[in-house]
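**Q** Please see the structure below; I have some questions.
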Ligand SMILES: [Zn+2]
């Protein structure tokens, strides 16, 4: 068995009970100053924005949150500071946002402000993919334009390719995504799998697979942490 899998298996055993339990929430600190890189764990969509939907009605936003909560927990166990952009499906929209479009925009602006206001931030945004045909599967990592993003994405992609059946390559993120246009820190967007692929959707619906995804994402953050710290003049 290769070292990576031994490592992941050991970590899974150590944290399995906590990971498989009901969603857990943790906030390391609320202040914006930090001596170390802070991973912003962004559960994509949420509230009135469910994101993509599987054929069985599975909402992307729910899967994203489940993986994000576990990743946040694991980062804490690894000693890596982290912040969640949301820790539930309830989003407190401002009264001034009346339409769904305004509410989504206000939520994105809040997340961008959280990232922008966090010292030594690194963004990991968690999403699920979809495609008009059922064939495509596997995780894919996209990177933002800030230095450090591409290397982080390639590391994470390599790690995820060890877990997923469909092997993919890291690519630059779409310029349409508001959060990534706003973020000036190293940033990656992880599409964990395809809701449009029935086999992968069935996997994504299991707690165990989402726990494995979170473990791989945490391991990717650990592996790249020194380089990310170096970007901010540490390490
Ligand atoms: Zn999404």
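**Q** From the P(r) of segment 66-209, can you give the percent of Cα pairs sitting at distances over 23 Å? It would help to have the intermediate numbers written out before the result.
**A** On the way: 4187 of 10296 pairs.
Of the Cα pairs, 41 percent sit more than 23 Å apart.
**Q** Relative contact order of segment 37-121: what whole-number percent is it, with Cα pairs under 8 angstrom and at least 6 residues apart? Show your work: numbers first, answer last.
**A** Values: 104 pairs, mean separation 31.3, N = 85.
Over segment 37-121, the number comes to 37 percent.
**Q** Any idea how far the Cα center of segment 48-107 sits from the one of segment 172-196, in Å?
**A** One Cα centre to the other: 14 Å.
**Q** I need to check one value: relative contact order of the chain, counting alpha carbon pairs closer than 8 Å and at least 6 residues apart, in percent. Each step should come with its number before you reach the end.
**A** Numbers: 425 pairs, mean separation 57.3, N = 235.
For the chain, the relative contact order is 24 percent.
**Q** Top mean-square fluctuation among 38, 98, 67, Gaussian network model of the chain, C-alpha springs under 10 Å?
**A** The residue with the greatest mean-square fluctuation here is 98.
**Q** As a check on your grasp of the helix formula, calculate [θ] at 222 nm for the chain: sum -39500 (n - 2.57) over DSSP H runs of n ≥ 4, divide by the residue count, round to the nearest 500.
**A** On the way: 7 runs with 103 residues, N = 235.
Mean residue ellipticity, 222 nm, calculated: -14500 deg cm²/dmol.
FYI, it's all coordinate maths here, none of it is from the lab. Please read these numbers as outputs of a predicted model, since none were measured by experiment.
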